[in-house]
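*Asks:* After the structure tokens below, expect a handful of questions from me.
The values are calculated or read from the model by the stated rules, or taken from the named source; none is laboratory data. Everything numeric here is computed off the predicted structure, so don't read it as measured data. Here the Cβ positions follow ideal geometry from the backbone for every residue, glycine too, while neighbour counts run over all protein chains shown. Only protein heavy atoms, including side chains, enter the accessible area calculation; ligands, DNA and RNA are left aside. Shrake-Rupley method; radii C 1.70, N 1.55, O 1.52, S 1.80 Å.
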Amino acid sequence: MSFVEFPESIITCRNLVGGEWLEPVGAMSLEVRSPYTGALIGRVPLTSASGVAQAVEAAKPGAAQWRATSLRERTQHLLRFRALLEAQAGRLAHLAAAEAGKTVAEARAGILKGLEVCDFALSLQNLDSGGHMEVSRGVTCEFRREPLGIVAGVTPFNFPAMVPMWLFPIAVTLGNAFILKPSEKVPLTACALGELMVEAGYPAGVFSVVHGGREAVDALVVHPDVQALAFVGSSSVARHLYSEGGKRGKRVLALGSAKNHLIVVPDADPSLTPQAVVDSFTGCAGQRCMAASVLLAVGEVQPLVDDIVQRAARLELGPGMGALIDRGAVDRLETAIARAREEGARVLLDGRGRRPAGEAWAGGNWLGPTILDGVSPEMEAARRELFGPVLSIIRVPTLSAALAVENASPYGNAASVFTTNGAVAQAVVEGARAGMVGVNVGVPVPREPFSFGGTGDSKFGHGDVTGPSSLDFWTQLKKVTRKWTARTDGSWMS
Ligand code: NAD
């Protein structure tokens, strides 16, 4: 009927435990409804702490077997998974779109990013051959990377395929057994990824899926046999897990919320800036941690602002911009828009009440692109992550005033500048607080091997979940010093 295909029947999710798809005993379940229509498309169990413990126990034999394999052998499994993923990309994109409310093109882009991370993980055998050196005559030192054992990833609703694939292709290729706890709002794609991992021939227990919510996550972070946890989601949960894991001596890398700023100066290129701004704040209906949220309009940029408003107004809901995850998100955003108005902002474009034509979409969670002007840095719309297609324009007189607003945010995921002047661009590259900075790019997501990750309240922990530093997160470095002969040069410490 449409631009997105829904599953033919209601999918009942099970946990992937020790290589078997099992219903967790006695677990309550939640309904999964498509954000596009409100139709029931699946059911997901809420695994208890004992269900999590069962999954960890079942992963142990596979984890032991897997850590004894060579990196080269593990790479062969990933090659098979990658081929299956590529072949199934179309089906997976429709599934992710149906459960997350993304457009199919956005969902497909998430799978392509997953393939890119697989490519990075496939290169590990060339990238990381360890290190070996004769440090003294007859004495060598060597780095050995060893797997941590059983590790876990907890992921958010907004990228059902991509965010899990930021994590497990690298973690598993480095010899760990990985337990995925996907968002209970988008569990169907996670099951499909689990099926592909099984089909790729990974030993039982190397990849597990445990569905659920808070109880399952809390059980993972306190479990003594879970050595590391990567989290992607909201900052409050990220902070909580970073602290709980840290108390137990675990590695935790926890990516949080965002409030991203785009700086537009008068010399910005009018042929690329307005569309890039619109794509940034409306892509994934604004539900991405890299979405533009605040436009810092420096000086006289009214023609660019007018163009942005016109382009956003023309966006067709449905094929051009997807739906919000649930009714609660629509209510939260509508309240935030009303509140901004009360606080003195002008609504240049109002997305409230908009939805695609046709009764089929009446039960969906819709909000059209919304642009607020005259927002001041103190207003809620300027400070809080709204996580929807709402752009707040703050007018500032100078570039340094723009940077001061960006720097004052507790978050630090992304910031971009639109300019044709290299000195202006350099000032933003150097002066922005954000961990990912763009020049004339609305969504400055780095491509692998340039890693993904912000600063401040957008990330708790050191290193990044992808790129070269992910190796340090997912492995233990062992340092080996060898001497096979008494003939040393005499300067050795022993
Ligand atoms: P969320 O924090 O509500 O949920 C994320 C995961 O944590 C889910 O698996 C959920 O089941 C679990 N969870 C929720 N509440 C919990 C609690 N109290 N204790 C333990 N676990 C809990 O996030 P979401 O709504 O699914 O995703 C949107 C958020 O994620 C936004 O804030 C967005 O900015 C952020 N995000 C950040 C990045 C990044 O790279 N920094 C990427 C994507 C999304």
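*Asks:* In the stretch 190-201, is there at least one residue being in contact with a Pro (Cβ under 8 Å, 6 or more places away or on another chain) and not in a loop (DSSP other than H, G, I, E, B)?
*Replies:* Looking for residues that are in contact with a Pro (Cβ under 8 Å, 6 or more places away or on another chain) and not in a loop (DSSP other than H, G, I, E, B), one finds at least one in the stretch 190-201, hence yes.
*Asks:* Something else: Look through the stretch 180-208, keep the residues that are charged (D, E, K, R) and away from the ligand (no atom under 11 Å from the Cβ), and return whichever of them is surrounded by the fewest Cβ atoms within 10 Å (Cβ to Cβ).
*Replies:* Here the residue is GLU199.
*Asks:* Of everything in the stretch 124-174, what is free of Cβ contacts under 8 Å to residues at least 60 places away in the same chain and surrounded by fewer than 17 Cβ atoms within 10 Å (Cβ to Cβ)? Give them in sequence order.
*Replies:* GLN125, ASN126, SER129, GLY130, GLY131, HIS132, MET133, GLU134
*Asks:* Under the condition of being under 16 Å from TRP166 (Cα atoms) and touching a residue at least 24 places away in the same chain (Cβ under 8 Å), which residue from the stretch 435-457 is farthest from the chain's Cα centre (by Cα)?
*Replies:* PRO449
*Asks:* At pLDDT 95 or above and either on the phi > 0 side of the Ramachandran plot or open to solvent by 30 Å² or more (accessible area, probe 1.4 Å) (or both), is that true of SER2?
*Replies:* No.
*Asks:* Which residues, counting only those in the stretch 31-56, are charged (D, E, K, R) and either out of contact with any Lys or Arg (no Cβ under 7 Å at 6 or more places or on another chain) or surrounded by 15 or more Cβ atoms within 10 Å (Cβ to Cβ) (or both)?
*Replies:* Within the stretch 31-56, ARG33, ARG43 qualify.
*Asks:* Test each condition in (1) part of a strand (DSSP E or B); (2) away from the ligand (no atom under 16 Å from the Cβ) for VAL172 and report the one that comes out false.
*Replies:* Going through the list (1) part of a strand (DSSP E or B); (2) away from the ligand (no atom under 16 Å from the Cβ), VAL172 breaks only (1).
*Asks:* Need a quick list: helices (runs of 4 or more DSSP H) entirely within the stretch 396-494 having at least 2 residues that are out of contact with any Asp or Glu (no Cβ under 8 Å at 6 or more places or on another chain), more than 16 Å from the ligand (Cβ to nearest atom) and open to solvent by 50 Å² or more (accessible area, probe 1.4 Å).
*Replies:* In the stretch 396-494, 399-408, 422-431 are the helices (runs of 4 or more DSSP H) which contain 2 or more residues that are out of contact with any Asp or Glu (no Cβ under 8 Å at 6 or more places or on another chain), more than 16 Å from the ligand (Cβ to nearest atom) and open to solvent by 50 Å² or more (accessible area, probe 1.4 Å).
*Asks:* Test VAL232 against the criterion of being more than 11 Å from the ligand (Cβ to nearest atom), touching a helix residue (DSSP H, G or I) at 6+ places or on another chain (Cβ under 8 Å) and at negative phi, and give yes or no.
*Replies:* Answer is no for this residue.
*Asks:* Collect the residues in the stretch 64-88 that are open to solvent by less than 10 Å² (accessible area, probe 1.4 Å) and closer than 27 Å to GLU184 by Cα, keeping them in residue-number order.
*Replies:* Scanning the stretch 64-88 gives LEU78, PHE81, LEU85.
*Asks:* Starting from residues that are open to solvent by 50 Å² or more (accessible area, probe 1.4 Å) and more than 9 Å from the ligand (Cβ to nearest atom), keep the ones in the stretch 236-260 and report whichever is farthest from VAL222 (Cα to Cα).
*Replies:* The extreme case among them is ARG239.
*Asks:* Any idea which of (1) within 14 Å of the ligand (Cβ to nearest atom); (2) in contact (Cβ under 8 Å) with a residue 40 or more places away in the chain; (3) of a type outside the set (Asp, Glu); (4) surrounded by 22 or more Cβ atoms within 10 Å (Cβ to Cβ) is the one ALA177 doesn't satisfy?
*Replies:* The single condition ALA177 does not satisfy is (1).
*Asks:* For the stretch 218-230, check the following and say yes or no: at least one residue is open to solvent by 10 Å² or more (accessible area, probe 1.4 Å), of a type outside the set (S, T, N, Q) and touching a Phe, Trp or Tyr at 6+ places or on another chain (Cβ under 9 Å).
*Replies:* No.
*Asks:* If you check HIS211 against the conditions, is it in a loop (DSSP other than H, G, I, E, B), modelled with pLDDT of 95 or more and either of a type in the set (A, V, I, L, M) or crowded, with 24+ Cβ neighbours inside 10 Å (or both)?
*Replies:* Criteria met by HIS211.
*Asks:* Another question, then. Find all pairs meeting these conditions: Cβ atoms under 6 angstrom apart; at least six residues apart or on different chains; first residue within the stretch 214-238 and under 19 Å from ALA59 (Cβ atoms); second residue assigned to a helix (DSSP H, G or I) and within 10 Å of the ligand (Cβ to nearest atom).
*Replies:* So the pair list comes out as VAL221/LEU241; VAL221/GLU244; VAL226/LEU220; LEU229/VAL221; PHE231/ALA238; PHE231/LEU241.
*Asks:* SER392 - would you say it is touching a residue at least 60 places away in the same chain (Cβ under 8 Å), more than 25 Å from PHE460 (Cβ to Cβ), of a type in the set (Ser, Thr, Tyr) and open to solvent by less than 60 Å² (accessible area, probe 1.4 Å)?
*Replies:* So SER392 passes the test.
*Asks:* Then there's this: Can you tell me how many residues in the stretch 427-474 are of a type outside the set (Ser, Thr, Tyr) and over 24 Å from SER293 (Cβ atoms)?
*Replies:* Final tally of qualifying residues: 10.
*Asks:* Ok, one more. Please tell me if ARG355 is within 30 Å of GLU5 (Cα to Cα) and free of Cβ contacts under 8 Å to residues at least 40 places away in the same chain.
*Replies:* yes
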